[in-house]
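For reference, the structure discussed in these notes is given below.
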Amino acid sequence: MNSTLESRPLVQFSVYSASSAHLPRTPVGRDAPETAESTEMTLSYKEELMHSCPLCRTSAASPLHRGERGTFFRCDTCALVFLDPAQWPSLDSEIARYELHENYAENPGYEEFLSRLAGPVIARIPSGARGLDYGSGESDTLAALLTRSGRPTTAYDPAFRPSAAALKERYDFVACSEVLEHVHDPRELFERF
């Protein structure tokens with residue numbers, strides 16, 4: 001196998017934001033310029049070492065950006081972008097923010113949005129395969145779309161649809177829509193499935 005391909009990460013996502021491309025490249029940490037404005041943005045080398053990657057568990061994470069949403073780090077090993085764990089929102093605040101969305105089956109825009117995930121799943125997963133929609137929120141819209149296509153799918157959400165029984169089942173596939181960026185321990189989640 002090509003060594004360049006071997007060194008590239010297979011999974012890239014952000015624990016807080018689906019893409020870090022929108023984050024400005026404000027230098028922080030050891031690379032921050034020493035100015036009066038940047039003094040409080042500068043992290044000590046010791047602070048940098050305390051931020052291990054929640055995916056690959058290495059301590060090779062460098063400060064990427066500090067802004068209104070907090071301090072983001074980028075893993076030097078697997079390229080995961082993650083928020084400083086001390087700044088994670090509480091479960092209650094995440095639920096309150098989620099409840100501002102209009103994620104319900106009767107909203108045609110929401111079903112259209114989820115069909116962009118359902119379509120590729122249907123194209124790649126054989127009919128009859130059993131699935132789990134992990135992080136469904138209050139709605140079972142994605143699970144319903146996949147079930148109607150012949151792929152019976154269970155909706156699960158740790159905050160809105162918790163079910164120990166659902167997590168004990170075995171599935172042929174797991175679908176997640178706008179979930180991984182909220183997971184505090186992605187490695188544990190991936191190892192579960």
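Tabulated data for the structure shown
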item: Contour excess over end-to-end distance, with Cα ends at Ala86 and Arg148 and 0.36 nm allotted per residue; result: 18.1 nm
item: Per-pair calculated FRET efficiency, R0 = 22 Å: Thr77 and Ala164 via Cβ, rounded to 0.05; result: 0.05
item: Rounded percent of accessible protein surface that carbon and sulfur make up, the range 53-167, 1.4 Å probe; result: 53 percent
item: 1.4 Å probe accessible area per residue over the range 41-160, in Å²; result: 53 Å²
item: Global geometry of the range 142-193, whether rounded, prolate or oblate, following the gyration tensor of its Cα atoms and the 1.5 cut on a/c; result: prolate
item: Net length gained if the chain between Phe190 and Ser59 were fully extended (0.36 nm per residue, minus Cα distance); result: 45.2 nm
item: Dipole of the range 42-143 [Lys/Arg +1, Asp/Glu -1 at C-beta], most positive-end residue of Ser115, Ala129, Thr77; result: Thr77
item: Per-q log10 I(q)/I(0), the range 85-154, q = 0.25 Å⁻¹ (Debye; single scatterer per alpha-carbon; no solvent); result: -1.07
item: Three-way shape call for the range 58-193 based on the alpha-carbon gyration tensor, with the a/c threshold at 1.5; result: prolate
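The values are calculated or read from the model by the stated rules, or taken from the named source; none is laboratory data. Here the structure is a predicted model, which is why all the values come from computation and not from measurement. Glycine gets a Cβ as well: all are built from the backbone with ideal geometry, and neighbour counts include every protein chain shown. Just the protein is used for accessible areas: all its heavy atoms, side chains included, with ligands, DNA and RNA removed. Shrake-Rupley method; radii C 1.70, N 1.55, O 1.52, S 1.80 Å.
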